[in-house]
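Note sheet for the following structure.
The values are calculated or read from the model by the stated rules, or taken from the named source; none is laboratory data. Worth saying up front: this structure is predicted, and the values here are computed from it rather than measured. Because the Cβ atoms are built from the backbone with ideal geometry, glycine has one as well, and the counts that use them run over all protein chains shown. Please note that ligands, DNA and RNA were not included when accessible areas were found on the heavy atoms of the full protein model with its side chains. Shrake-Rupley method; radii C 1.70, N 1.55, O 1.52, S 1.80 Å.
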Amino acid sequence: MGTDRTLAQGQDNEGNWGNAETTAGTGSPPPNPDRFEPDNVPAEADPITTDGIPQTHTLHVGSDIDWVTFTLTEMSNVTVETRGIAGDTRMWLFGPNEATQQIAFDDDSGVGLFAKIERTGSDALVPGTYYAKVDEFGNNDPIGSYTIAVTAEALGNIAPMIGSLSDTPDPVTQPNSLTLAAVDVADGDGVVT
């Protein structure tokens with residue numbers, strides 16, 4: 001960021017001549033707020049799809065905070081990721097159904113200094129509404145443009161357990177038998193449907 005210097009000469013009320021110097025910044029103006037503003041608190045969070053299509057946001061002042069929300073109807077592997085040309089984001093994930101219950105945080109797991117949260121396998125997310133909060137690391141620099149995307153992959157109503165070979169299979173009637181089990185994770189009633 002450069003500066004312009006202006007020299008001026010003038011006369012005061014008593015007839016004395018003097019010189020004055022002023023400087024003004026010539027850097028870029030801060031970015032404009034994005035179309036999702038205001039989104040600085042969970043109640044103002046805009047919905048985002050879970051199909052990986054990104055939304056473009058700005059952190060138009062260093063202290064800006066952006067919130068998005070998404071809903072899962074099934075247990076799912078989920079990735080929430082920010083990306084951009086320049087900047088350093090941090091991200092918090094809250095839920096399910098609670099904008100104050102933090103379940104994950106990330107600073108720099110994405111590309112460059114951008115945040116990325118992955119919840120997969122045994123850390124997959126249960127059905128419910130979730131909230132993601134994004135800010136600029138240090139809360140002192142605007143980020144002119146960044147994207148946030150949520151990708152969810154439903155696991156279905158059952159989570160298969162690892163199968164094991166039967167301890168005492170009958171080699172004639174059950175060659176290479178395999179025992180599988182399933183766990184009910186859909187509604188907790190113990191019935192696998």
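Mind listing just one residue for me: the one in the range 11-31 that is more than 46 Å from the chain's Cα centre (by Cα), outside any loop (DSSP other than H, G, I, E, B) and small (Gly, Ala, Ser) and, of those, modelled with the highest pLDDT?
Checked the range 11-31; the qualifying residue modelled with the highest pLDDT is Gly18.
With the requirement that a residue be open to solvent by 20 Å² or more (accessible area, probe 1.4 Å) and either under 23 Å from Leu155 (Cα atoms) or aliphatic (A, V, I, L, M) (or both), what does the range 70-86 give you? Please lay out each step first, then the result.
From the range 70-86, those open to solvent by 20 Å² or more (accessible area, probe 1.4 Å) are 71, 73-75, 77, 79, 81, 83-86; that's our starting set.
Across the range 70-86, the qualifying residues are Thr71, Thr73, Glu74, Met75, Asn77, Thr79, Glu81, Ile85, Ala86.
Pick out, from the range 81-137, the strands (runs of 3 or more DSSP E) lying fully within it that include 1 or more residues that are under 16 Å from Trp67 (Cα atoms) and in contact (Cβ under 8 Å) with a residue 60 or more places away in the chain. Spell out the reasoning first.
Details: elements: 89-94, 102-106, 116-119, 128-136.
Counting at least 1 such residues, we get 128-136.
Out of the residues in the range 32-69 meeting the condition of being open to solvent by less than 30 Å² (accessible area, probe 1.4 Å) and of a type in the set (D, E, K, R), tell me which one is farthest from the chain's Cα centre (by Cα).
Asp34
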